[in-house]
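A.B. asks: Provided herewith is a single structure, encoded as structure tokens, for subsequent inquiry.
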Ligand SMILES: [Zn+2]
């Protein structure tokens with residue numbers, strides 16, 4: 001049975017859910033590519049280990065630490081990351 005490509009976005013969502021928490025989004029996805037919010041980097045991710053590999057990089061971990069410090073006293077930073085552009089776009093489309 002051939003692997004269905006349509007399952008990949010579902011898998012990616014499962015993988016990134018392991019890193020994202022209810023109040024912190026670290027990875028987002030468009031269904032094909034994972035985007036790291038911390039490193040502002042695209043991760044081509046067809047296998048779970050590719051995501052793990054990124055999460056293990058020094059760059060990512062230092063960004064994670066930095067984010068932790070910022071989160072304590074920077075509510076705006078949190079808001080920016082919690083309100084994706086798509087949310088504003090949706091409102092815009094409704095008003096149009
Ligand atoms: Zn990262």
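The values are calculated or read from the model by the stated rules, or taken from the named source; none is laboratory data. Just so you know, these numbers come straight off a predicted model, no measurement behind them. As a convention, Cβ positions derive from the backbone with ideal geometry for all residues, glycine included, and neighbour counts pool all protein chains shown.
A.B. asks: Name the single residue, out of those in segment 17-51 being closer than 20 Å to residue 68 by Cβ and in a strand (DSSP E or B), that is farthest from the ligand (Cβ to nearest atom).
C.D. replies: The qualifying residue farthest from the ligand (Cβ to nearest atom) is 21.
A.B. asks: Can you name the number of the only condition in (1) modelled with pLDDT under 90; (2) in contact with a helix residue (DSSP H, G or I) (Cβ under 6 Å, 6 or more places away or on another chain) that residue 91 fails?
C.D. replies: (2)
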